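**Student:** Quick one: the structure is below, and I'll ask about it shortly.
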Amino acid sequence: MNYIDAFKAHGIVEEIEQNNKDMRTFRNAINNGIVGAQITIKCKDGTFMSTIYEDDRIDLLLKVLYDRNTELMTKLREL
């Protein structure tokens with residue numbers, strides 16, 4: 001594996017690890033009886049906050065993280 005591919009692989013692995021951490025956090029919160037989640041989004045135009053109370057919405061976030069990890073694992077295998 002050349003240097004550029006190794007650098008790409010490192011970035012992919014870091015994102016997968018962060019996604020797994022986020023999924024564990026949500027799962028632990030659900031197991032403890034989550035009643036809401038607040039998400040902070042930081043971007044160049046400022047900071048935006050959103051509060052999610054419905055379990056379905058939290059499940060959707062978990063699905064998105066899981067699907068993203070699946071995509072990342074595919075990219076990692078291709079390297």
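The values are calculated or read from the model by the stated rules, or taken from the named source; none is laboratory data. Bear in mind the structure is a predicted one, so any value in this text is a computation, not a measurement. Methodologically, a virtual Cβ is constructed for each residue, glycine included, from the backbone with ideal geometry; neighbour enumeration extends over all protein chains shown. Accessible surface is based on the protein model in full, side chains and every heavy atom, while ligands, DNA and RNA are left aside. Shrake-Rupley method; radii C 1.70, N 1.55, O 1.52, S 1.80 Å.
**Student:** With labels modelled as points extended 7 Å from the Cα through the Cβ direction, what inter-label distance (nm, one decimal) is found for Ala6 paired with Arg24?
**Tutor:** Roughly 2.7 nm, to one decimal.
**Student:** State to the nearest 20 debye the size of the charge dipole of the chain about its Cα centre, where the only charges are +1 on K and R beta carbons and -1 on D and E beta carbons.
**Tutor:** 140 debye
**Student:** To two decimal places, what compactness ratio does the chain give when its Cα radius of gyration is scaled by 2.2 N^0.38 Å?
**Tutor:** Rounded to two decimals, the normalised Rg is 1.34.
**Student:** Could you give the accessible area per residue of the chain, probe 1.4 Å, as a whole number in Å²?
**Tutor:** In whole numbers, the chain has 80 Å² accessible per residue.
**Student:** Still on this structure, please answer the following. How much of the accessible area of the chain, probe 1.4 Å, is carbon plus sulfur, in whole percent?
**Tutor:** The C+S portion of the solvent-accessible surface of the chain is 54 percent.
**Student:** A further question follows. Which whole-number percent is the relative contact order of the chain (Cα, under 8 Å, 6+ apart)?
**Tutor:** 36 percent
**Student:** On full extension of the chain, what length is gained from Glu15 through Leu76, given 0.36 nm per residue of separation minus the C-alpha to C-alpha distance?
**Tutor:** Net length gain for the segment: 20.8 nm.
**Student:** Do any GluC sites (Glu not before Pro) in the chain lie in a DSSP loop with no more than 16 other beta carbon atoms within 10 Å, and if so, which?
**Tutor:** Those that pass, being in a loop and sparsely packed, are Glu54.
**Student:** Taking a 1.4 Å probe, which of Met73, Met1 shows the most accessible area, and what order do the others take after it?
**Tutor:** Met1, Met73
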